[in-house]
1. Taking 8 Å as the Cα distance limit and 6 or more residues as the minimum spacing, I'd like the relative contact order of region A:326-475 as a percentage.
2. Just want to confirm a number: the relative contact order over chain B, from Cα pairs under 8 angstrom separated by 6+ residues, in percent.
3. For region B:78-140, just run the numbers: alpha carbon Rg, then divide by 2.2 N^0.38 Å, N being how many residues it has.
4. Let me know the shape class of region A:390-445, please: from the alpha-carbon gyration tensor, a ≥ b ≥ c as square roots of the eigenvalues, rounded when a/c is under 1.5, otherwise prolate if a/b is greater than b/c, or oblate.
5. Once you have a ≥ b ≥ c as the square roots of the Cα gyration tensor eigenvalues for region B:208-356, tell me rounded if a/c is under 1.5, and otherwise prolate or oblate according to whether a/b is larger than b/c.
6. Taking neighbour Cβ counts within 10 Å as the exposure measure, how do A:274, A:302 sort from fewest upward?
7. Is the shape of region B:233-287 rounded, prolate or oblate, going by the alpha carbon gyration tensor and its root eigenvalues a ≥ b ≥ c, with a/c under 1.5 for rounded and a/b larger than b/c for prolate?
8. Cα centroid distance between region B:390-441 and region A:59-122, in Å?
């Protein structure tokens, strides 16, 4: 009987859920005839096909139609506020028939409306009085794939690149369509196919043809293709002697290249460029400015309606100044110097996607220049695919931050509210690979989801997004949704706590960035070393970015700079980012800085244990395959949270000689043991 | 209406088949109670679970029981011939109940019997008078994974390694179990987890624990885990100054390492070693012999029942002799010098997995030494994953070859018939990766299948295996099975024809080995260059391996050597492997060698066109996802068959100055164009 039971359980297991469907987990196809379409276009077909995949019977019949259709126009609906991408979904009578109408001023609006209707119903919305309407606040909603042409994804933890360049353009994997569907369901409307550390080959004819094949698949889902451009391509591919942006032959080469691309991809989005950063070539190689470089490329794509996204992530190996200041120093003077089809892409913080960083001082400081917010959806510094860290709160914390110019928030800068820029954008460094569940773990899917939803509307709340995602992903039962949302909402702070609380950052091991390395001090460039960032010594810890230090605080608007200049008015979550403080500095709680630091490490570990316990209780509600994988990952995370805590505390104690506060357990090993831990063959690490 | 139809078609497409289930495509679970088990063990549980997954009602009830069970023993069944791995499945009355009995002398026999029953029914076998019995003829039936620890598969064309070393041993991907099921269904009983170009790290404690986790998953399916061992590991991991196999400290290090592995994996299979080959370290570095090296390692695993598979694939950078002769030269004198738990692993041919090679002269030449046949299932030289080439005929052609010692065949050497060796083995270099369909294309699955079936019984026929696979894969309709088998059976010869007919070989481009490169002559070592192999000049073409040349023919037994010594008695399919002949040499057909060569290139292209037409006709019978992918791949193959043909003929014409025979089309481009074709970022190419 035991054998029988096991056998049956194993057989049942085969039907377990592998996570491939993401949040688009429709129960069954719509009843025949439930979906009707006015007009014909690939995008309307895509919208209708999606509804037919999963529309519940309660919603039907559904009519998809442009707001310009005479029967719809006659209804005098409030469609002017929808712009070119918004949708309106409501019950109504069209040509004498009661329908759920999905409309918009464009086919794209209808497509987004179809997904909004499915989301509404799938997340428990009433089918009785449907009335949905929304338009995106940000124009460019883009995933950046750091995918190399050999299939390796830099900072990718979910398998190889989704793009099988080898069999493209011939073989069109059905998965490419599912990728487009998932993005369209969130309103993501652009994808940069290749790594910002770009190879020139991506601009050769065979790779343009491959990109064009993907563009053809993505087009009905409203997604434009972009390419990362290697600035020195005119030398490498064109045989020119220079890539100087002021050289006429260089500009001509790029114009011809743009013309070639647009012949294959008429709606090509444009170029993303990482220039003069971490070894990439750029205009500074020729004593030209970033604006010179960006504008030259912008001129090449301008006749075709293309744009250039120019990254501000720069720090120079010749500049001894605080690394956190260098992007501002370089870009702020260029405000107003960029062509009108250039948008400058700025990471959320001034260092590099740490578990927590204060918002980047360029937000609010370049009013004449549209800025793309660049978030990292892949968890380079937050435990790769195995640690559960919902990034919604990380994203919204930055978007909600006040720039210090009146009541302006970073979101106001990003969505153009502040300056009414023609271009606005949000980019997410994708966490997508060819793992069956796309993101190397169910909860990582939530970060793709949250990025997409916030790119549509930066004013959404992280917890509301989590709830939406949890319902779509695990079903509507409060028994599962409430605890899942609770886990998600505490998860990112847990990572901050066990890796670098109180504003510490960049404490990770070298290269792969997995696990602790606060002791690392032997790397060639000073700002590559964790000790550069924490500056811990016998007396204290933290980076003094006030006037007595690097004065990075002066890069913020006065109202914010004033707060950051004083440890007492600096949020404690960012304290040591801005201040070097003695170990016995008193926190608001009354405990010393050292004791508070230790308690936060303890809290981080405890929170993971709590998440793990929560997940154990959800076993009855989740299919075995997804449940097992997350349970295993949480066990890994708890072990590694301890590793981070113990290694970090061992090191801090070696520096400050202080005892742990009462009740805090001693590290399991001594410091030399932690220093010897070097995980081999970590994924996502570029060679 | 058009939009509606398209929408529905797209929705239907979502249910298309992605190939994940391989040939185990059960319709639905067995009826409750249809499967009963006597006794309990993980292996019996696995057997029962498999039957419960897919047993058709017509077969039931089924009883799984050991032949030693008193009720079964009472039946006096002919089980002695089954040995330790064979099965017997027949209808009968057990304890008064009519059942389909699945039995064997071991649980493993029962497991294989369960799969045999499913195969029988799934491939159209009658359910009325089931009487199946078989025992494997070869003891070690092993897949060799050339998987690196960073996930890259050397010569892998189906994605990354299946083994996610990063999340092992914690996360046990359900796919590992499905891998084991697929192998057990064929009787494969061993897997070498890591590349023969081995990293020492695979022998460190963390990686032993990871391998142990896989071994635990595979064990109920009768699959042992083996590791490729880097010969210099005592230096790299042990800090020794030498890896000399005669050094006592070296031997002690390996004994301790073996003890460590067996503590974690009590049934660890043993080591596979590539030594002194293509840069790998080995005993020759210390002027010790391959036998010295193998026997030292064999002594380390001997107390635990382990074995050593020592590869004979060697060619020395200091040996100017014909590369095809070097393995024989080095290993033949060692016959009788290997320990009794060493088995020497010999590739099917003397060069390297070419589309066609004569059988390796070591088969039949080392009677005192058991030899593992090493086939390459991954298509390094046969068009990667995109070209359709069913390897069954390649495998059986070699196995059926006469060694020249009486009526002995290569299969007799491999299965031990010839010398009654205790160890016998067949190894296949796996074509498996983490692509959803495992092998990067449906028809590649057939090569995994054919390898497994032939490892069980080297006397099976390639066409019968193809038929079995086609029925299991595409369903029983003769409308699909007959044409699929016909395509498969002509496919490998087509690749021979368009890449290197008449015994030509090693004509491929450098490094990645994709596409033509017969002109390549600039590589450092002479035997890396295609020109070394074809030796074409104004007068003729081919490698003279007779007495007037390298005399490689003398490595074969006299009866075979005599045939190969004369072009008139050499099979024309191997003609230029053994002979340098003038372009106007007359083939048996009466046409000149040149005309015959051209006609074969033409035939190769025409055969692919024919396969493509056949597949077009099968569209109604195959689900759209698998049909589309194969249709696309055949289009690629036809284009590239032309590329191979045109490039090769351009080159041969540049050498011989001869016109093409009437009716043969001129190449589409000139030679310089073909020489300039260099596919970028080809998969599977080691750095």
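What follows draws every value from the coordinates through simple rules; no lab data is involved. Bear in mind that the values here come from a model prediction, so they are computed numbers and not experimental data. Every residue, glycine as well, gets a Cβ built from its backbone with ideal geometry; the counts of neighbours run over all protein chains shown.
1. On the way: 220 pairs, mean separation 34.4, N = 150.
Over region A:326-475, the number comes to 23 percent.
2. On the way: 1370 pairs, mean separation 82.7, N = 687.
Reported relative contact order: 12 percent.
3. Dividing the Cα radius of gyration by 2.2 N^0.38 Å gives 1.10.
4. Values: a/c = 5.67, a/b = 2.18, b/c = 2.60.
It comes out oblate by the Cα gyration axes.
5. Details: a/c = 2.00, a/b = 1.37, b/c = 1.46.
Judged from the Cα gyration tensor, region B:208-356 comes out oblate (a/c at least 1.5, b/c at or above a/b).
6. On the way: A:274 25, A:302 19.
Ordered from fewest to most neighbouring Cβ atoms within 10 Å, A:274, A:302 come out as A:302, A:274.
7. Working: a/c = 2.36, a/b = 1.46, b/c = 1.62.
In terms of gyration-tensor shape, oblate.
8. Between the Cα centres of region B:390-441 and region A:59-122 lies a distance of 63 Å.
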